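Since the structure comes first, as structure tokens, the remarks are kept for the end.
The values are calculated or read from the model by the stated rules, or taken from the named source; none is laboratory data. It should be emphasised that the depicted structure is a prediction, and the values quoted were computed from it without experimental measurement. Reconstructed Cβ throughout: ideal geometry from the backbone, glycine too, with neighbour counts over all protein chains shown. Keep in mind that these areas ignore ligands, DNA and RNA; they rest on the heavy atoms of the full protein, side chains included. Shrake-Rupley method; radii C 1.70, N 1.55, O 1.52, S 1.80 Å.
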Amino acid sequence: MDMIAALANIVPASESAAEKQPSFILKMADETMLAYGTKHQLAAGPLDGFSARVDRHFAEHGDRPGILVGAIPFDPAHSAHLVQPARMLRVQGDHEVGGIPGLATASAPLMRVPVISVTPEPTADAFGEAVNAAIRALDDTSSGLHKLVLSRCLKVRAGRSFSAGELLRRLASDASASVFITALPDKDGKRILIGATPELLLDKRGHRIVSHPLAGSAPRSQDPAEDRAAGEHLLSSAKDQHEHSLVVQAIMDVLSPYCSELSAPGGTTLRATASLWHLGTRLVGRLRDPATSCAELAALLHPTPAVCGLPRQAAHAAIGALEPYDRDFYAGAVGWCDSSGDGRWFVSIRCAEIRGEEARLYAGAGIVPGSTAEGEIAETAAKFSAMLHAFGLEGEDVERRIG
Ligand SMILES: C=C(O[C@H]1C=CC=C(C(=O)O)[C@@H]1O)C(=O)O
């Protein structure tokens, strides 16, 4: 059965427009998940206590579907936004995201939304100054910092509301990423987070857990020889291997006590998205106790040094001092957890927050000794490119503003 036929079966014509439109979509290589409507919302609270709230939620709301979907913000002190949907559709295999009712029609031509302005926050120069301040802090042994991830944002204003469906279809053209749309708590109107993330925080099914951290990046090239050389250079870069190993070690430190086996069968390898090379290490583990929930482990892992830094508290404080905005749901996690304790969470990077005619695009980069301001400006510019392409925002004018 194709996606439209499957949807026609579960979305009766009499339902309200809001219920027909999915409020959560997660398209992964092996499965697409669509959630409709809201039965119950997870109680608000910080990340500390998240898994206890999830357990309590399922104890109180035993109705089906027994699943919570949504987003965890970057700041562990802030509340996650998770809902138990009215209905859930899970389509196995690799599926076209076109033709989702209320979002987009597979056959419709992609429409360009007229863009009024693209404003960097901070400017590329100011971001470079923040990177230099981070490098000074890393060099100063009294700071105790070993790694810091700094981000920047592009504010895009358009002449009419963005179409989430069209953006999703364009993002889904990169099969190496998991594309998502998730509703966020209202703030001066309805908001969504949309993105195409290459990074798996945690997948847990029964005894088995998988995490696939990424850190260390290089922009790809249109020229095949240059592209191959960029990948090989990244793989042999001591600075990037160090940046990457800090993330892998931090994740292993969290997961090891819960596992009877934990290993990286393929070691550290190159991972490619349409615009970037990354260093990635796929970690596979077997839990001592399969009752350890995905929510519990995800809450312990987040935020990893791929989005925050090391040590976590000091890096979090430095981010607060050096970035001119609250990251909100950028660099958090997006995914689901169910009443059996299973779940899958992705790191919410390569994404944008959309509110009506405004979008905020985010890109961050890990800074370690050996990083340079120019290098991190170029890396974050490359990280914007998938979202900019989805928004139809390419060309010299935009490139000049990004730096
Ligand atoms: C924080 C981001 O990327 C992280 C994930 C992969 C590689 C990264 C890096 O090389 O710096 C970052 O740690 C982002 O894309 O906004």
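General remarks:
- For the range 139-191, the alpha-carbon radius of gyration amounts to 1.80 times the rule-of-thumb value 2.2 N^0.38 Å expected for a compact globular protein.
- Orientation-averaged projection of the chain equals 19.4 nm² [convex hull of Cα atoms, one quarter of hull surface area].
- SER163 paired with ALA291, simple spin-label distance in nm, labels 7 Å along Cα-to-beta-carbon: 5.1 nm
- On the basis of the beta-carbon distance and an R0 of 30 Å, LYS187 and ASP139 show a calculated FRET efficiency of 0.20.
- Three-way shape label, the range 238-284, alpha-carbon gyration tensor, a/c 1.5: prolate
- Label-to-label distance for GLN222 and ASP63 is 5.4 nm, based on points extended 7 Å past Cα in the beta-carbon direction.
- Taking every protein chain into account, the 1.4 Å probe leaves SER117 with about 40 Å² of accessible area, to the nearest ten.
- For the residues ASP338, ASP140, a 1.4 Å probe over the protein chains yields an accessible-area ranking, largest first, of ASP140, ASP338.
- Axial C-alpha extent at least 24 Å, average Kyte-Doolittle at least -1.0 - helices from the chain (DSSP): 238-255, 373-390
- Carbon plus sulfur fraction of accessible area for the range 206-318, probe 1.4 Å, in percent: 54 percent
- Prolate/oblate/rounded call for the range 212-332, Cα gyration tensor, a/c under 1.5 rounded: oblate
- Heavy atoms of the protein chains alone define the surface here; on that basis the chain has 41 Å² accessible area per residue at 1.4 Å probe size.
- Charge dipole (Cα centre; +1 on Lys/Arg Cβ, -1 on Asp/Glu Cβ; no other charges) of the chain amounts to roughly 720 debye.
- Here the contact order of the range 267-403, divided by its residue count and restricted to Cα pairs under 8 Å and six or more residues apart, works out to 18 percent.
- In the context of the full protein assembly, TYR330 retains an accessible surface of approximately 10 Å², using a probe radius of 1.4 Å and ignoring ligands and nucleic acids.
- With 0.36 nm allotted per residue and the present C-alpha distance subtracted, the ARG56-ALA321 stretch has 91.8 nm of extension available.
- In this rough spin-label picture, where each label sits 7 Å from Cα along the Cβ direction, the ARG401-ARG312 distance is 3.6 nm.
- Only helices enter this figure: runs of n ≥ 4 DSSP H residues, each worth -39500 (n - 2.57), summed and divided by the residues of the chain, yield -9000 deg cm²/dmol at 222 nm to the nearest 500.
- GNM flexibility winner over the chain from GLU376, GLU357, GLU226 (Cα, springs under 10 Å): GLU226
- Residue-level accessible surface for SER161, protein heavy atoms, 1.4 Å, Å²: 60 Å²
- For the pair SER260 and ILE116, the difference between a 0.36 nm per residue extended length and the Cα-Cα distance amounts to 46.3 nm.
- Once C-alpha pairs closer than 8 Å and six or more residues apart are averaged by separation and normalised to the residue number of the chain, the relative contact order reads 23 percent.
- Segment GLN41-ALA86, extension gain: residue separation times 0.36 nm, minus the distance between their alpha carbons: 15.1 nm
- Global form of the range 298-403, assessed from the alpha-carbon gyration tensor, a/c cut-off 1.5: oblate
- Dipole-positive endmost among ALA378, PRO73, PRO22 within the chain (Cβ charges, Cα centre): PRO22
- The lysine pair count for the chain, using Cα distances under 23 Å and pairs eight or more places apart or on different chains, is 15.
- Summed side-chain charge close to GLN222 - residues other than GLN222 whose Cβ falls under 14 Å, Lys, Arg +1, Asp, Glu -1: -2
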